1. Sort out for me the strands (runs of 3 or more DSSP E) sitting completely within the range 239-286 that have 2 or more residues that are within 19 Å of the chain's Cα centre (by Cα).
2. Scanning for something assigned to a loop (DSSP other than H, G, I, E, B), of a type outside the set (Phe, Trp, Tyr), within 24 Å of GLU292 (Cβ to Cβ) and away from the ligand (no atom under 12 Å from the Cβ), does the range 68-80 turn up at least one residue?
3. Between a residue in the range 49-74 that is free of Cβ contacts under 8 Å to residues at least 24 places away in the same chain and any residue that is part of a helix (DSSP H, G or I), which pairs come within a Cβ distance under 7 Å, given they are 6 or more apart or on different chains?
4. Suppose we keep only residues that are farther than 14 Å from ALA305 by Cβ and more than 9 Å from the ligand (Cβ to nearest atom) within the range 3-35. Which one would you say is nearest to the chain's Cα centre (by Cα)?
5. So which of PRO192, PRO184 ends up being in contact (Cβ under 8 Å) with a residue 40 or more places away in the chain and on the phi < 0 side of the Ramachandran plot?
6. Give all pairs with beta carbons closer than 9 Å in which a residue from the range 364-377 that is in the same structural domain as LEU335 (by TED's automatic domain parsing) meets a residue that is in a helix (DSSP H, G or I) and among the hydroxyl-bearing types (Ser, Thr, Tyr); count only pairs at least 6 apart in sequence or on separate chains.
7. State the number of residues belonging to the range 268-299 that are more than 14 Å from ASP244 (Cα to Cα) and more than 8 Å from the ligand (Cβ to nearest atom).
8. Quick one: count up the residues across the range 1-13 that are within 18 Å of ARG270 (Cα to Cα) and at pLDDT 95 or above.
Amino acid sequence: MSVLIIGGGQAGLQVADSLRSEGYSLPITVVADEAQLPYQRPPLSKDYLKSGGVPEPMPLRGPAFFAEHDITLIQGFAAASVDRANRTVALDDGRILGYTYLVFATGASNRRLSCPGASLPGVHGLRTLDDARRLHESLIRATNVVVVGAGFIGMEFAAAARSHGCRTTVLSPSDRPMARTLSPDMARWFIPAHERLGVELHLGQSLSHVEPDARGKVGAVVSESGQRHQADLVVAGIGVTPNDQIAAESGLDVQNGILVDEQLRTSDPRILAVGDCANFPNPRGNCRSRIESVQNATDQGRHAARTILGLGSEYNALPWFWSTQGPYRLQIAGLVDPRNDTLVLGDPLASKFSVLGFRDNQLVAVESMNRPADHMAARALLGSGHRITRELARSRGFSLKSALR
Ligand code: FAD
C-alpha cells in the first residue's frame, strides 16, 4: 500500500504527518509544485508585509521532518493528470507514480482581474511566498495603493499598506467589507475601524478598468461610476477558485471544489480531498461547504489520514479562523451566516467586543474583536454542544466564560 498526496500545503502535509503519527509505516509521497519548502500562508498578508522588515514566513515543517518521517517530498513538480483505472499519477516531467490511496490537497488559486489593464505591471495578487516577495518590494516604493475587493486578504493588505504610509484605497461592489463571511454587525464595525487607520473605503463601487501611466505601468484604477483613483500599486483580492481541474479531468465529481463525502472520500473511494480544494457535507450548517482556513486544512488532513487507515468517522470539526488587520485581531468560532440573528457583548467603541450568532435560537458562531478569552470560551462551548439561547446570553452577568462552568 502507498499513499500519494498532491499538494504540499497545510492540508497535504498534515495528511502525511497524521498518517505517520497514527502508525502507518508504508510509503508516503507528497508532490509539491512550489519551489520552497512548504510554508505558512497567513503571515504573507500580515507580518511579512508590515513596515519594518520581517523574517520570511515559517516553514510548515522543518527540513529534517521529511527524512525523519520517511516521507518523500517531490518539490518543484506538478501532478499533471490522474489515471484512475491504473491508479497512477503523471507528473509534468513525465514521471509516473503509483498509488493505493490518492489525496488531493491542491488548495486554491487567486481569481484574476479580467478588465482592460488587468495585466499591467504593478497589478498584483497575493497567494504565494513569491507573490508576497514581489508585493513587499513594490510596497516599499509605492505611494498610492488601490485594493480591489474587500475580503480578508484585501483588508489585511490595506492595513499593511497603511503601515508603510501609502495612500490606500479599497474598492468593492459590496456595501461592507468581508460581507460574505462576517455578520453585518462585525463587517460594518470594520468600516470606521479601517478609516481610523487611514484607509479610504469606496464601497458599492465596481471596477471598470485599470489605466497605464506614461511608462506603461499601472497609473490609475477607474470605477464603473467613472471615479478615478491614482495608483502605482494595485492588489486584486477578489477571491479564489479551487484547484479541482485535474480531479475533474479524471472524472471525479466536482462543483466549487472536489466533492467529498462525510469521510472526505471523493466519488472514487480510493481518492480523498482535503483543505481549500474540498467541498464537504457540513453537518454544522446542514449544507455543503468549502472552507479556506488553516483550521479546516489541518483538521481535514488529520481526518483523511484516519479514513485511509479505516478509522474514519463523520467529519464534524468546529470551524475557527482569525484575521489580523492592523491593531484589530478578529477571531471566529463556528460557522458565521450573515443572516443569523445576532447579539453584541462588550464595547465596540473600545474595539473589544464579540458578536454572537444564533440560528433557531441556538448559539452557532462567535466573532470576537480583541477578546481572545471570548474566542477560547466560544470554541469550548460550540465544540461541546452547550445550548446557549439568546435569552440566556442576554441575561444579567452572562459571559461566554461563565457559561462554560
Ligand atoms: P494550500 O496551502 O494552497 O496548498 C496547496 C498546495 O498545492 C500549493 O502549494 C499548490 O501550489 C499545490 N498544488 C496545486 N496543484 C498542484 C499540482 N497539480 N501538483 C502539485 N502541487 C499542486 N487562514 C486562516 O485560518 N487564517 C488566516 O489568517 C489566513 N490568512 C491567509 C493569508 C493569505 C495571504 C492566504 C493566501 C491564505 C490565508 N489563509 C488564512 C488561508 C489558509 O492559508 C489556507 O486555507 C490554507 O493554506 C489551505 O491549505 P491547503 O493545503 O488546502 O492549500
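The values are calculated or read from the model by the stated rules, or taken from the named source; none is laboratory data. A quick note: this is a predicted structure, and the numbers were derived from the prediction, not measured. Every residue, glycine among them, receives a Cβ derived from its backbone with ideal geometry; neighbour counts consider all protein chains shown.
1. Filter on the range 239-286 gives 240-242, 278-282.
2. no
3. Listed pairs, sorted by first residue: VAL54/ASP47; VAL54/TYR48.
4. Result: ALA35.
5. Unique residue meeting the criteria: PRO184.
6. Qualifying pairs under 9 Å: ALA377/SER402.
7. 14
8. 8
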